[in-house]
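One structure is given below, encoded as structure tokens.
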There are 4 protein chains.
Amino acid sequence: MIVEMITGASPKEVDDVVAKAQSLELGVQLNQGTDKTVVALLGSNTGQIPTDIFAVLPGVASVTRIMKPYKLSSREFRSGNTVVDCGGVLIGGERIVVIAGPCAVENRNQLRQAAREVKKSGATILRGGAFKPRTSPFSFQGLQQKGLELLAETKAEVGMPVVTEVVDPHDVDLVASYADMLQIGSRNMQNYALLTNAGKCGLPVVLKRGFACTITEWLLAADYLLAGGNNNVVLCERGIRTFEDSVRFSLDISAVPVLKKNSHLPVIVDPSHAAGHYSLVPAIARAAIAAGADGLIIEVHPNPKEALVDGLQSLSPANFAALMEELKPVAEAMGRYI
Amino acid sequence: MIVEMITGASPKEVDDVVAKAQSLELGVQLNQGTDKTVVALLGSNTGQIPTDIFAVLPGVASVTRIMKPYKLSSREFRSGNTVVDCGGVLIGGERIVVIAGPCAVENRNQLRQAAREVKKSGATILRGGAFKPRTSPFSFQGLQQKGLELLAETKAEVGMPVVTEVVDPHDVDLVASYADMLQIGSRNMQNYALLTNAGKCGLPVVLKRGFACTITEWLLAADYLLAGGNNNVVLCERGIRTFEDSVRFSLDISAVPVLKKNSHLPVIVDPSHAAGHYSLVPAIARAAIAAGADGLIIEVHPNPKEALVDGLQSLSPANFAALMEELKPVAEAMGRYI
Amino acid sequence: MIVEMITGASPKEVDDVVAKAQSLELGVQLNQGTDKTVVALLGSNTGQIPTDIFAVLPGVASVTRIMKPYKLSSREFRSGNTVVDCGGVLIGGERIVVIAGPCAVENRNQLRQAAREVKKSGATILRGGAFKPRTSPFSFQGLQQKGLELLAETKAEVGMPVVTEVVDPHDVDLVASYADMLQIGSRNMQNYALLTNAGKCGLPVVLKRGFACTITEWLLAADYLLAGGNNNVVLCERGIRTFEDSVRFSLDISAVPVLKKNSHLPVIVDPSHAAGHYSLVPAIARAAIAAGADGLIIEVHPNPKEALVDGLQSLSPANFAALMEELKPVAEAMGRYI
Amino acid sequence: MIVEMITGASPKEVDDVVAKAQSLELGVQLNQGTDKTVVALLGSNTGQIPTDIFAVLPGVASVTRIMKPYKLSSREFRSGNTVVDCGGVLIGGERIVVIAGPCAVENRNQLRQAAREVKKSGATILRGGAFKPRTSPFSFQGLQQKGLELLAETKAEVGMPVVTEVVDPHDVDLVASYADMLQIGSRNMQNYALLTNAGKCGLPVVLKRGFACTITEWLLAADYLLAGGNNNVVLCERGIRTFEDSVRFSLDISAVPVLKKNSHLPVIVDPSHAAGHYSLVPAIARAAIAAGADGLIIEVHPNPKEALVDGLQSLSPANFAALMEELKPVAEAMGRYI
């Protein structure tokens, strides 16, 4: 951490900074410039100390953090790639994992049909929402417990592990008793009560990026899960909020190589929520794999025209089958398979 | 809702749109242009119908919503201003309400001293966090239950109603048993489990804006509270995430007149979290009142240099007293008092 | 264009909207809802009429544009793909075009060496800046006229067409006398004096996206060029400004399929300026091709450590050669070659 | 400037950083931490040295700039407030300056009527656009030379200094021969050819903020004007691009105190372009003054319903007169007058 004093800071003000640093057991080195003093604070845990502690002192012009604030999710903490096991399917290995299924579980037939179709085309994990966070209180909120039961039933019948979202910290155990992997959605990325509980359940967790959160904040949220003892965390980029209005969210493709450089966790991409329109999903899906993503999560509905939620961004089974064919050579170009 | 067909859409495709609208009991009027057909869908509840239902149909080029999607929080639902009663202090009336206190409750002395100082300078409601949502799992998370007890104790002693944040849906009743008003923080604005529970407790609620949520999404979140039967909702603008990096968040000053135009709910402003630096707080606080805000929520710490959380954005008691003097003539210029 | 009247608008107010529309020779159709009147305005040029003309009338609640405002660059204007010829190299055809070279022309040897290296690895057009727009007036501003001469000399010697940036409207003819294609940079995308002049020169133009401009604004800027009679326009996505701070700009990968859907113009991607760091360039470059881009423009410097401008985002010749090998199978996966 | 080496950087890599710094005549101090080395580079001009020069060296993890990159516009360069004289009207003094007039000069009567009305209500400088930068090539582009003549004529007749926009670097002298102050618009804030020429003309310049530029970039653009010898620069905040869609641009109210803290230049605010709707202009105008702005620039049209450009954001003369009355007590609350 680097503390820049204002021009004309008094020796007393510099001494106070030094004393505060020493009280925190940080190493201190003074850099005396022509105009101003710059104090370097050294220590392996400066990433976890708030900059405010120094910024608030008299005579301080600015405080700059050099160490990254996240820790357990960083490559510095673990240099090798983490591979997450979701009901026998490995995420982060050589095979590109495709998770597919409807946005919301609507009824037995819809889910079963979706599951059979996506499995036939090569998807290896089934997705489906039982608890749906909706912007309006007047919208369909999901089948809840009944949806979880249908997921478990379909999983047994079709033979695919299942991932589904949890939105209430007190539902973690309930959802975990039905699913193979939990999903924490974008609007809950900084719901710390939820993160804390999910960190304690035994299941792997897909942590979607908050749509207005930096990659640093995302990895700090992952640290909540990892700090709870849960090492099986999958990061999912799903688009960020920008000024561009031709899509729902702007898929941050650079997040893939940035995460691969700074974190050991596997990275998947959700092209459906980013695009908001089924016609844009294939291009984004191909790009994600070419950028180095370990998998995709794609919305597929047996009949998008009748979907209760997000029909416009759902692929039909035929479109999904066609996309899977397109993805194969891209995966091969990356030295992987699908 | 306006459905624009593509150039060359077939009569069958237009008919399908009409049939779908009629199945939802919407009025339909066809507009036959030179190049394309535009279908207007009419009805008082089109704001609550997802545009996807039509956008996904073959031959549809775009669907545009005209009705605003929020309802209970709108001025169309209630034309007069709502005035919220927080332990006897009215928010939304002629008097500008100033809520002040420390970011986090740290101990009895800190809270008591803060309460006395801010009351002396004219604040009428005490704030203080017992449950702190923190970006890093390694940061101070608040005194929790103990913090609530200190708030209740200080309230009795100093004689000010108290507002404090709730972060877990299952803590709503607990927090409500100590506080006069609940706060839902920015990161939880779309935590629907929390909104639903807070809508059912009897207390007024301050709903902070999600830092990357539009005003429309914010009013939809308010609808969750109102739909639960809670009419005492106060909206709090606290800055949005933009590319500008000289402040923590960019205070969206236009939100004040936009909300006053579209909603009947009272509006307050939090200059402390937006600025991120105490030296910027006074200018933003004055601007908020001049823009028409009904109140302010300001962080004040007896000794910002020793604050465990957000010291840099906290005012000292002396600075707060000076600010209150600055605010008086601005309130008068608005035909109000403080 | 759809004009929504306020609830309770008077018949006179509705009549005024109708009269104004008729004075502009628009077709008018009234939609009488239960609560309010909605007026549909029809005509093939409503995209070019400002919404303000109606929004300012008494009794109007909102005006919504349905027609896209851009015209000449739209797929509706021209359904087939435009292929641009840059000195014999076709952009927008089956072959993926790679434009490479240094950010700034520094001297004869640097440019010659860069040109030879990138040509050897498969680049087909040489880039190099002679006029450099710089955020600080104290930074290196480019070799200007001398730089143009070196570009022409190197082009002749190495045998590659050349693209270079023009920043002053009155330099268009000068730059055009040396280059095969002009580049209009991100900061000048809405410099209309420059666009107007570039539209009249005979050369193809690469139009970079303004880093905070929507795709609609970008295509409107392309309309300036096309309206001047210049049909040879190449769109270049180079990243947009968002809150994310791990890269210089967030590459908007969705822009590629959105442009392909809405415009007939070829699309290339600049991974170097978006990433701001050479280590992120390969992933973004691969993603761009997988998303359907027609080409790339990449910064390569013979010795990035000694570069006068943007060394950190420049590839070394060895890294560029390695990247070209990576790109080949991705192009093949897309049914193209490089 | 602070250079952080990677963990495990070799002594040779550290030496190379030191050598590079010494070649630039920077002071160097090594900070040896437990895990890594941090090199502090000291010197009064490190703000002007690109960080890339060091970031590109092997073994470097990050480079952090501490000195602000702008110079001539900073308070460190000049501690007192600059007061700009525009045809006898002082901007930056005790009196709040209101610049008003139509968006575009349309004809003699419109401009004359606007000028008389705004002067009567207390505006002291007349605005009016002769050269209009428009997003679409099919929109009205302004009266150009004829508009300048009308401005000069009206100025003489009504007796108010005049400010108008210049968009082409080669029109600077022409515009300067008619106007008292030049305006550089938001889309041209980084048009360096224009800035360079405007820096050399003798007139004061209003520099509007680029709608997606940071305050740092804005002050760097001001440095271009100041470096040309022009000390009479007025900064104008006019809203930034964010995700919020209830206004055209989000007025960045914090920019006012941030600029006052970091720069000596006067600051004005344009509420009209930010709001995009006349009904929001008064609240933003009042807030701007309360935040400490030195003036306002407001669009007023004799008949907004007939305006050729931006009618929706223009005040009528009656609304402008009412606003001026509202602003007086706010100015007084700030210890100023209007």
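Could you list all residues from region A:2-17 that are free of Cβ contacts under 8 Å to residues at least 60 places away in the same chain and under 20 Å from B:ALA307 (Cβ atoms)?
Across region A:2-17, the qualifying residues are A:GLU13, A:ASP16, A:VAL17.
Which of the residues belonging to region C:82-92 are in a loop (DSSP other than H, G, I, E, B), within 19 Å of the chain's Cα centre (by Cα) and crowded, with 16+ Cβ neighbours inside 10 Å?
Once the filter is applied, which keeps residues that are in a loop (DSSP other than H, G, I, E, B), within 19 Å of the chain's Cα centre (by Cα) and crowded, with 16+ Cβ neighbours inside 10 Å, region C:82-92 yields C:THR82, C:GLY92.
Do you know which residues across region A:201-226 are over 27 Å from A:ALA156 (Cβ atoms) and among the small types (Gly, Ala, Ser)?
Once the filter is applied, which keeps residues that are over 27 Å from A:ALA156 (Cβ atoms) and among the small types (Gly, Ala, Ser), region A:201-226 yields A:GLY210, A:ALA212, A:ALA221, A:ALA222.
Working carefully through the options A:GLU306, A:GLU244, A:GLU237, A:GLU325, find the one that is within 13 Å of C:ILE253 (Cβ to Cβ), more than 8 Å from chain C (Cβ to nearest Cβ) and in contact with a helix residue (DSSP H, G or I) (Cβ under 9 Å, 6 or more places away or on another chain).
A:GLU237
Filter region B:21-43 for residues that are part of a loop (DSSP other than H, G, I, E, B) and either among the β-branched types (Val, Ile, Thr) or in contact with an Asp or Glu (Cβ under 6 Å, 6 or more places away or on another chain) (or both) and give the result.
Listed by number, the list holds a single entry, B:THR34.
Counting just the residues of region A:96-122 that are assigned to a helix (DSSP H, G or I), surrounded by fewer than 24 Cβ atoms within 10 Å (Cβ to Cβ) and of a type outside the set (S, T, N, Q), which one comes out farthest from the chain's Cα centre (by Cα)?
A:ARG108
Tell me, which residue of region C:123-138 that is small (Gly, Ala, Ser), part of a loop (DSSP other than H, G, I, E, B) and touching a residue at least 12 places away in the same chain (Cβ under 8 Å) is nearest to C:GLU325 (Cα to Cα)?
C:ALA123
Could you tell me how many of the residues in region D:55-75 are among the small types (Gly, Ala, Ser) and either surrounded by 18 or more Cβ atoms within 10 Å (Cβ to Cβ) or in contact with a helix residue (DSSP H, G or I) (Cβ under 6 Å, 6 or more places away or on another chain) (or both)?
The qualifying residues number 4.
Taking region C:181-221 as the region of interest, how many residues are in a helix (DSSP H, G or I) and under 16 Å from C:VAL269 (Cβ atoms)?
So the count comes out to 3.
Which of the numbered conditions does A:SER314 fail, given that it passes all the others? Conditions: (1) surrounded by fewer than 24 Cβ atoms within 10 Å (Cβ to Cβ); (2) in contact with a Ser or Thr (Cβ under 9 Å, 6 or more places away or on another chain).
(1)
Report yes if some residue within region A:282-295 is touching a helix residue (DSSP H, G or I) at 6+ places or on another chain (Cβ under 8 Å), at the interface with chain C (Cβ under 9 Å from one of its Cβ atoms) and more than 18 Å from A:MET324 (Cα to Cα); otherwise report no.
Taking every residue of region A:282-295 in turn, none turns out to be touching a helix residue (DSSP H, G or I) at 6+ places or on another chain (Cβ under 8 Å), at the interface with chain C (Cβ under 9 Å from one of its Cβ atoms) and more than 18 Å from A:MET324 (Cα to Cα).
Among helices (runs of 4 or more DSSP H) lying entirely in region A:227-338, which contain 2 or more residues that are closer than 28 Å to A:ASN197 by Cα and touching a residue at least 24 places away in the same chain (Cβ under 8 Å)? Walk me through how you get there before you give the answer.
Values: elements: A:255-262, A:271-275, A:281-291, A:317-333.
In region A:227-338, the matching helices (runs of 4 or more DSSP H) lie at A:255-262, A:271-275.
Out of region C:218-234, which residues are away from every other protein chain (no Cβ under 11 Å) and crowded, with 24+ Cβ neighbours inside 10 Å?
The answer is C:VAL233, C:VAL234.
What pairs come out if I take residues in region D:32-56 that are at the interface with chain A (Cβ under 10 Å from one of its Cβ atoms) and within 17 Å of D:THR7 (Cβ to Cβ) and pair them with residues that are assigned to a loop (DSSP other than H, G, I, E, B) and not hydrophobic (A, V, I, L, M, F, W, C) whose C-beta lies under 6 Å away, six or more apart or interchain?
Once the first residue is at the interface with chain A (Cβ under 10 Å from one of its Cβ atoms) and within 17 Å of D:THR7 (Cβ to Cβ) and sits in region D:32-56, its partners that are assigned to a loop (DSSP other than H, G, I, E, B) and not hydrophobic (A, V, I, L, M, F, W, C) give D:THR34/A:SER44; D:ASP35/A:SER44; D:ASP35/D:THR7; D:LYS36/D:THR7.
Among the residues of region D:261-268, is any surrounded by fewer than 24 Cβ atoms within 10 Å (Cβ to Cβ), closer than 15 Å to D:ARG336 by Cβ and at the interface with another protein chain (Cβ under 10 Å from one of its Cβ atoms)?
No.
So in region D:181-200, with the set limited to residues that are out of contact with any Leu (no Cβ under 7 Å at 6 or more places or on another chain) and more than 12 Å from chain C (Cβ to nearest Cβ), which one is nearest to D:GLY159 (Cα to Cα)? Before you say what the answer is, go through the steps one by one.
Start the filter on region D:181-200 by keeping residues that are out of contact with any Leu (no Cβ under 7 Å at 6 or more places or on another chain), which leaves D:183, D:185-187, D:190-194, D:196-197, D:200.
In the following step, the residues that additionally are more than 12 Å from chain C (Cβ to nearest Cβ) were identified as D:183, D:200.
Details: D:GLN183: 20, D:LYS200: 27 Å.
Ranking the candidates gives D:GLN183 first.
Does A:HIS277 fit the bill of being closer than 20 Å to B:SER136 by Cβ and surrounded by fewer than 23 Cβ atoms within 10 Å (Cβ to Cβ)?
It is false that A:HIS277 is closer than 20 Å to B:SER136 by Cβ and surrounded by fewer than 23 Cβ atoms within 10 Å (Cβ to Cβ).
Name the single residue that is nearest to the other protein chains (Cβ to nearest Cβ) among those in region B:156-180 being without any contact (Cβ under 8 Å) to a residue 40 or more places away in the chain, farther than 26 Å from A:GLN144 by Cα and in a helix (DSSP H, G or I).
Checked region B:156-180; the qualifying residue nearest to the other protein chains (Cβ to nearest Cβ) is B:ALA176.
Among B:LEU315, B:LEU265, B:LEU296, which is of a type outside the set (Ser, Thr, Tyr) and closer than 30 Å to A:VAL17 by Cβ?
Answer to the selection: B:LEU315.
Condition check ((1) β-branched (Val, Ile, Thr); (2) closer than 26 Å to A:ARG209 by Cα) across all residues:
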{"position": "A:ILE96", "(1), (2)": "yes, yes"}
{"position": "A:LYS119", "(1), (2)": "no, no"}
{"position": "A:HIS170", "(1), (2)": "no, yes"}
{"position": "A:ALA176", "(1), (2)": "no, yes"}
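Rule-based calculations on the coordinates, nothing more; no lab input. As the structure is a computational prediction, the values presented were derived from the model and not from experiment. Because the Cβ atoms are built from the backbone with ideal geometry, glycine has one as well, and the counts that use them run over all protein chains shown.
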